[in-house]
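Below you will find the structure I want to go over with you.
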């Protein structure tokens, strides 16, 4: 007896619809027709079935923090967002952080996002957010793969207590080491923070994910140091560089040197189109820079490029529902990646590429993988991005954990009624 059969699933890489059989939380068979009984059968009717969406860059300790708050980030700048968070942070309690995180995760699950790496601010002497999100991680483990990244928001060297608090956070069980070299006092201290944090990661056997060069300044080049220290410390394939917005303003000659260095180090690069389209270029009059990193060029160079959501209703971003298809949709426009193959690659950037950056095991739709699936109200990845497609069913370890009715509109023209689902 099978736990679940998904029938007539459109799978990327398959010329015809496939059935997917699941037992004991794993995919046990994929073929055009599977005989047998199952506790539940879902008919995908030729719609796209994908592994879950993955958000490899998020800030769950701050999410939904603007709800009920009279103050907003009026300038829309990164620095005002940091200052606003500094004011809000002392008011946070473990209970409030957990309530907001669990609320957000209910949205995530409904959107089919079942793996998230969240940065958590460790520049609070009490590590309130760290302890709260560690509890959330354990509570939600049956439903979501949640990685915590220890993030020294106020600077690993700039904050005099950050080193000791980083060590405490890692001892408590935080998964990944973060950093923010461009927020240190000098370029030299930024480079030194990269060295120290990579050495710490090598010592503890952990991954690294740094906010790196989140600036419009073309001379912010800490990713160069990150690539160097990644190789020196033997961390190839285990280090992510997030944001990298300064690359938008760098001259092409320097970037032609930088991209091969990043590829040699096996860096994962994480672009956050929604939030950086809001934050970057705020000091420009006209023309205004988009401020997004060079995803297209990275992919061409063999760098694993990913997309993250970053924020939802917090000091840095006033919108969002944690929809990774919305992230990919913005990427199509803001990254000038509207070719068919390019749009397909952006779908990969919110699924398989980000799973690789997180080091997720058992991810994908192949025999032996975890039975984690999303059935979309779309036929293929490009249509899914165009429609920001409805998630009909979200499956975790072979069990349906979220359902949404089909989205259809009724239009009446000349007394004749017709249904519209926006597909061709």
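Which condition breaks for residue 345 when tested against (1) crowded, with 17+ Cβ neighbours inside 10 Å; (2) over 19 Å from residue 300 (Cβ atoms)?
Evaluating residue 345 over (1) crowded, with 17+ Cβ neighbours inside 10 Å; (2) over 19 Å from residue 300 (Cβ atoms) leaves (2) as the failure.
Right, here's the next one. For the range 363-420, please list each of the strands (runs of 3 or more DSSP E) lying entirely inside it that holds at least 2 residues being closer than 15 Å to residue 52 by Cβ and not assigned by TED's automatic domain parsing to the domain that holds residue 348.
In the range 363-420, the matching strands (runs of 3 or more DSSP E) lie at 373-376, 391-396, 399-403.
For residue 47, indicate whether it is surrounded by 21 or more Cβ atoms within 10 Å (Cβ to Cβ) and over 21 Å from the mean Cα position of the chain (by Cα).
It is true that residue 47 is surrounded by 21 or more Cβ atoms within 10 Å (Cβ to Cβ) and over 21 Å from the mean Cα position of the chain (by Cα).
Yes/no per residue for (1) assigned by TED's automatic domain parsing to the domain that holds residue 113; (2) without any contact (Cβ under 8 Å) to a residue 40 or more places away in the chain; (3) on the phi > 0 side of the Ramachandran plot; (4) not in a helix (DSSP H, G or I):
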site	(1), (2), (3), (4)
305	yes, no, no, yes
320	yes, no, yes, yes
327	yes, no, no, no
341	yes, yes, no, no
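Here are 5, 34, 27, 20: which of them is crowded, with 16+ Cβ neighbours inside 10 Å and in a loop (DSSP other than H, G, I, E, B)?
34
Now a separate question. Does residue 411 count as at pLDDT below 95, out of contact with any helix residue (DSSP H, G or I) (no Cβ under 8 Å at 6 or more places or on another chain) and surrounded by fewer than 12 Cβ atoms within 10 Å (Cβ to Cβ)?
Judged against the criteria, residue 411 is not a match.
Among the candidates 299, 279, single out the residue that is in contact with a strand residue (DSSP E or B) (Cβ under 9 Å, 6 or more places away or on another chain) and surrounded by fewer than 23 Cβ atoms within 10 Å (Cβ to Cβ). Steps first, answer last, please.
Numbers: 279 fails: surrounded by fewer than 23 Cβ atoms within 10 Å (Cβ to Cβ).
Residue meeting the stated conditions: 299.
Quick test for you: out of 65, 83, pick the one residue that is in a loop (DSSP other than H, G, I, E, B) and not assigned by TED's automatic domain parsing to the domain that holds residue 374.
65
Moving on. Suppose we filter the range 238-252 for residues that are in contact with a strand residue (DSSP E or B) (Cβ under 8 Å, 6 or more places away or on another chain) and not in a strand (DSSP E or B); how many remain?
The qualifying residues number 2.
Conditions: (1) more than 16 Å from residue 117 (Cα to Cα); (2) at pLDDT 95 or above; (3) in contact with a helix residue (DSSP H, G or I) (Cβ under 8 Å, 6 or more places away or on another chain). Residue 341 meets all but one. Number of the miss?
Only one criterion in (1) more than 16 Å from residue 117 (Cα to Cα); (2) at pLDDT 95 or above; (3) in contact with a helix residue (DSSP H, G or I) (Cβ under 8 Å, 6 or more places away or on another chain) is unmet by residue 341, namely (3).
Output the qualifying pairs, or none if there are none: Cβ atoms under 9 angstrom, residues six or more apart or on different chains, first residue in the range 135-156 and without any contact (Cβ under 8 Å) to a residue 12 or more places away in the chain, second residue part of a strand (DSSP E or B) and surrounded by fewer than 24 Cβ atoms within 10 Å (Cβ to Cβ).
137/147
If you scan the range 235-247, which residues turn out to be more than 20 Å from the chain's Cα centre (by Cα) and surrounded by 14 or more Cβ atoms within 10 Å (Cβ to Cβ)?
235
Regarding residue 226, is this residue at pLDDT 95 or above, assigned by TED's automatic domain parsing to the domain that holds residue 304, surrounded by fewer than 20 Cβ atoms within 10 Å (Cβ to Cβ) and touching a strand residue (DSSP E or B) at 6+ places or on another chain (Cβ under 9 Å)? Quick ask: steps written out before the conclusion?
Working: at pLDDT 95 or above: yes; assigned by TED's automatic domain parsing to the domain that holds residue 304: yes; surrounded by fewer than 20 Cβ atoms within 10 Å (Cβ to Cβ): no; touching a strand residue (DSSP E or B) at 6+ places or on another chain (Cβ under 9 Å): yes.
The answer is no for residue 226.
Working carefully through the options 275, 255, find the one that is closer than 21 Å to residue 153 by Cα, in contact (Cβ under 8 Å) with a residue 24 or more places away in the chain and not in a loop (DSSP other than H, G, I, E, B).
Criteria check complete, one pass: 275.
If only one of 284, 314 is modelled with pLDDT under 95 and closer than 30 Å to residue 376 by Cα, which one is it?
Residue meeting the stated conditions: 314.
The values are calculated or read from the model by the stated rules, or taken from the named source; none is laboratory data. From a predicted model like this one, the values you see are computed outputs, not experimental measurements. For neighbour counting, all protein chains shown are included, and Cβ atoms are generated from backbone atoms with ideal geometry for every residue, glycine included.
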